[in-house]
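Worksheet: the structure to be examined is printed underneath.
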Amino acid sequence: MNNGAIIAEQAVAQSAERTGNDHFLLTPGPLTTSLSVKQAMLKDWGSRDPAFIELNADIRRRLVAIAAASGGDDFVCVPVQGSGTFAIEATLGTLVPPDGKLLVLVNGAYGERMMKIMQRLGRKATALTYSEDATPNLGEVQSTLAGDPAISHVAAVHCETTSGILNPIEKIASLVNAEGRALIVDAMSSFGALPLDASALPCAAVVASSNKCLEGAPGMGYAIIRKDVLEGCAGNSPSLALDLYDQWRAMEANGQWRFTPPTHVMAAFHQALIEHDAEGSVPGRYRRYRQNCDVLIQGMEKLGFKPLLPEATQAPIIVTFHMPGDPRFDFKAFYDRLAARGYVIYPGKLTVAPSFRIGCIGQVMPDDIGHAMTAISEVLNEMGVVDCGPAIAGGVA
Ligand SMILES: *Cc1c(COP(=O)(O)O)cnc(C)c1O
């Protein structure tokens, strides 16, 4: 084994002490969690046990504090079993009434998914669709709202994980509010890492899950919703299990979930929230992910790869790189060789250009990303790849 491979192997071994893993998940999720988060799942909880009821209450309090640093009293956290998409579907179904209409700002797969959810729910929706490397045209959003009084709600994605683009959520919020509509934010891949104040934005709801930037185990979603908005949502949801109004009322009444709660996931999530706080809450987590992202982009650019996005719109969450044009570059071989070294990356989801993605989030340190760069350099050497630039100069048409 050469020097680089030895260093990479040592890095994985060191990380194993911290995470219990023999690999790093450099993906959009599920992500690398700490060993202590996983260890929190080693106990069974009774769902009616007062200690568990208090654990649930504390999770909900902590999530409101993260979502609405100012004006937290105006918001409630309603958790729901399942992945992030369950929480999105639950929120749209509960908040947008049968006679409402949703405008979705689409610049990637997660915006598209909200349109699909609305179709399934049989609710009215319209989309403004942009290229995956472009943020929404705010003038167009404004004129669409002004021209269509039937639109009652707007849904926007904070960080569109399809590309890693950061959408201008504060600007979107202020114009949605100026037009008197309610904003629903999909903050799945940014919540807990990128600053967002639901109260100051303001918005009606922020939706996220347990397993992304808060570094818990997957299995629980939640929405942080304005209390005065949720109070008016009785009977809106066409679903029994995904009715967040009913979930909220039931939880307020006895502190319990309506149906079997994901007890182990919640215990892990509670520990993850304690660790998030210990790292310095949102600013602390942002700092580490920012460093991860800087090491990643600088390292990849040094190897000749080209990121899809300019710095100004790149969120420090996940980075999309153009697929190299060099015929010796084969993504599957690249992926497999990196995975064998302990670094799991992610295929691209873009329609605009062939690409792949590397995540900056999860229980991963800047040094770990540095070692991943060493591993990538070695894999490229093994494959005989000399040029990592995209096939077409500039890539995106
Ligand atoms: C991950 C993610 C979701 C939800 O995905 P699940 O696979 O259902 O957890 C929704 N929106 C965004 C922006 C995401 O990154």
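How about segment 51-85: which of its residues are within 16 Å of the ligand (Cβ to nearest atom) and part of a strand (DSSP E or B)?
Pro79, Val80, Gln81
Taking the condition part of a helix (DSSP H, G or I), touching a residue at least 40 places away in the same chain (Cβ under 8 Å) and within 27 Å of Ala193 (Cα to Cα), does Ala312 pass?
On the way: part of a helix (DSSP H, G or I): yes; touching a residue at least 40 places away in the same chain (Cβ under 8 Å): no; within 27 Å of Ala193 (Cα to Cα): yes.
So Ala312 does not fit the description; no.
Only one of these is under 18 Å from Pro28 (Cα atoms), without any contact (Cβ under 8 Å) to a residue 40 or more places away in the chain and aromatic (Phe, Trp, Tyr): Tyr335, Tyr343. Name it. Quick ask: steps written out before the conclusion?
On the way: Tyr343 fails: without any contact (Cβ under 8 Å) to a residue 40 or more places away in the chain.
Only one candidate qualifies: Tyr335.
Can you find a residue in segment 370-390 that is hydroxyl-bearing (Ser, Thr, Tyr), at pLDDT 95 or above and out of contact with any helix residue (DSSP H, G or I) (no Cβ under 9 Å at 6 or more places or on another chain)?
Here is the first cut: in segment 370-390, the residues hydroxyl-bearing (Ser, Thr, Tyr) are 374, 377.
Subset that is at pLDDT 95 or above: 374, 377.
Within this subset, residues satisfying the condition of being out of contact with any helix residue (DSSP H, G or I) (no Cβ under 9 Å at 6 or more places or on another chain) are none.
Within segment 370-390, none of the residues are hydroxyl-bearing (Ser, Thr, Tyr), at pLDDT 95 or above and out of contact with any helix residue (DSSP H, G or I) (no Cβ under 9 Å at 6 or more places or on another chain).
On the given criteria, is Arg181 within 16 Å of the ligand (Cβ to nearest atom), over 27 Å from Met323 (Cα atoms) and not acidic (Asp, Glu)? Spell out the reasoning first.
Values: within 16 Å of the ligand (Cβ to nearest atom): no; over 27 Å from Met323 (Cα atoms): yes; not acidic (Asp, Glu): yes.
Criteria not met by Arg181.
Could you tell me how many of the residues in segment 86-110 are within 16 Å of the ligand (Cβ to nearest atom) and either assigned to a strand (DSSP E or B) or touching a Lys or Arg at 6+ places or on another chain (Cβ under 6 Å) (or both)?
Going through segment 86-110 one residue at a time, the tally reaches 5.
Under 6 Å between Cβ atoms, which residue pairs at least 6 apart in sequence (or on different chains) link something in segment 41-54 that is among the aromatic types (Phe, Trp, Tyr) with a partner that is part of a loop (DSSP other than H, G, I, E, B)?
As it stands, the answer is Phe52/Trp45, since those pairs meet every condition given.
In the list Phe356, Phe329, Phe334, which residue meets the criterion of being closer than 17 Å to Ala109 by Cα, modelled with pLDDT of 95 or more and either over 23 Å from the mean Cα position of the chain (by Cα) or not aliphatic (A, V, I, L, M) (or both)?
Details: Phe329 fails: closer than 17 Å to Ala109 by Cα; Phe334 fails: closer than 17 Å to Ala109 by Cα.
Every option except Phe356 fails the conditions.
Answer with yes or no whether Ala178 is surrounded by fewer than 24 Cβ atoms within 10 Å (Cβ to Cβ) and without any contact (Cβ under 8 Å) to a residue 40 or more places away in the chain.
On the way: surrounded by fewer than 24 Cβ atoms within 10 Å (Cβ to Cβ): yes; without any contact (Cβ under 8 Å) to a residue 40 or more places away in the chain: yes.
So Ala178 fits the description; yes.
The values are calculated or read from the model by the stated rules, or taken from the named source; none is laboratory data. Since the model is a prediction, treat every value here as computed from it, not as a measurement. All Cβ positions, even for glycine, are placed from backbone atoms using ideal geometry, and neighbour counts span all protein chains on display.
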